[in-house]
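The values are calculated or read from the model by the stated rules, or taken from the named source; none is laboratory data. What you see is a predicted model; the values in this text were computed from it and never measured. Ideal geometry is used to build each Cβ from the backbone, glycine not excepted, and the neighbour counts take in all protein chains shown.
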Amino acid sequence: MRNIPNLLSGLRILMVPLFIYYYLSGSVTTAIIIFITAGITDLLDGFIAGKYHLISIIGTLLDPLADKLMLLSVLTCMTIKGIMPIWVTAIMYSKELFLVITSALLYFKHEKRATPSNVFGKLATLSFSAFIFLMLVMPEQTNLIYGIYLSMILKFTALLSYVLSYKKSQLH
């Protein structure tokens, strides 16, 4: 039971190349099923880890890594297909790269701990996932891009909250 959340995160990471393959090969329905399955395993992972107090450092690292890999892969695939503007994908890559590098530096040089996700990060991920799902299902609905813009604002709000939380922890 102790390793189930980490196994679910690992399974989500393995779903990323499957999503890419099926989406780019034209099997969009299969890709959507993989995307939904990844979302369900993400919810299960968090529920099990929280309910049974199975939160671990590796899980705190694997869970957001799986989320980031899936998000960036879906954005890249949608950009290749002309559904997502390239600048959205480029901004999200830059933001995620900044976050990964900063987190790794803090972990390996100073903190020796992983920063768990907070309500802002979870809300941003949920929003992005919902609008990406809608865009996967209804790519012709170009107005859904406004939901992506809102999700990007939420992502940057989450990033700011992590920075402020870190600064606050340094004062104590």
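At a glance:
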{"quantity": "Selection from the range 8-52 of residues that are under 19 Å from Pro64 (Cβ atoms) and surrounded by fewer than 13 Cβ atoms within 10 Å (Cβ to Cβ)", "calculated": "Leu14, Pro17, Ile40, Leu43, Phe47, Gly50"}
{"quantity": "Members of the range 18-36 found to be closer than 14 Å to Thr76 by Cβ and either in contact with a Phe, Trp or Tyr (Cβ under 6 Å, 6 or more places away or on another chain) or in contact (Cβ under 8 Å) with a residue 40 or more places away in the chain (or both), listed by number", "calculated": "Phe19, Ile20, Tyr23, Leu24, Ala31, Phe35"}
{"quantity": "Subset of the range 126-172 [among the charged types (D, E, K, R) and either under 16 Å from Met84 (Cβ atoms) or outside any helix (DSSP H, G or I) (or both)]", "calculated": "Glu140, Lys155"}
{"quantity": "Checking Gly39 against (1) closer than 20 Å to Val119 by Cβ; (2) out of contact with any helix residue (DSSP H, G or I) (no Cβ under 8 Å at 6 or more places or on another chain), the condition it does not meet", "calculated": "(2)"}
{"quantity": "Residue identified as at pLDDT 80 or above, under 21 Å from Ala66 (Cα atoms) and within 19 Å of the chain's Cα centre (by Cα) among Ser129, Ser117", "calculated": "Ser129"}
{"quantity": "Which listed residue, of Tyr23, Tyr52, is hydroxyl-bearing (Ser, Thr, Tyr), in contact with a helix residue (DSSP H, G or I) (Cβ under 9 Å, 6 or more places away or on another chain) and more than 20 Å from Phe128 (Cβ to Cβ)", "calculated": "Tyr52"}
{"quantity": "Criterion (under 28 Å from Lys167 (Cα atoms), touching a residue at least 60 places away in the same chain (Cβ under 8 Å) and not in a helix (DSSP H, G or I)) met by exactly one of Ile91, Ile55", "calculated": "Ile55"}
{"quantity": "Tally, over the range 66-111, of residues that are within 18 Å of Ala38 (Cβ to Cβ) and charged (D, E, K, R)", "calculated": "3"}
{"quantity": "Leading residue by the ranking (modelled with the highest pLDDT) among those in the range 71-114 that are among the polar types (S, T, N, Q) and farther than 16 Å from Met135 by Cβ", "calculated": "Ser94"}
{"quantity": "Tyr146 being loosely packed, with under 15 Cβ neighbours inside 10 Å and either in contact (Cβ under 8 Å) with a residue 60 or more places away in the chain or of a type in the set (Gly, Ala, Ser) (or both)", "calculated": "no"}
{"quantity": "Count of the range 73-88 residues which are out of contact with any Pro (no Cβ under 9 Å at 6 or more places or on another chain), part of a helix (DSSP H, G or I) and surrounded by 17 or more Cβ atoms within 10 Å (Cβ to Cβ)", "calculated": "5"}
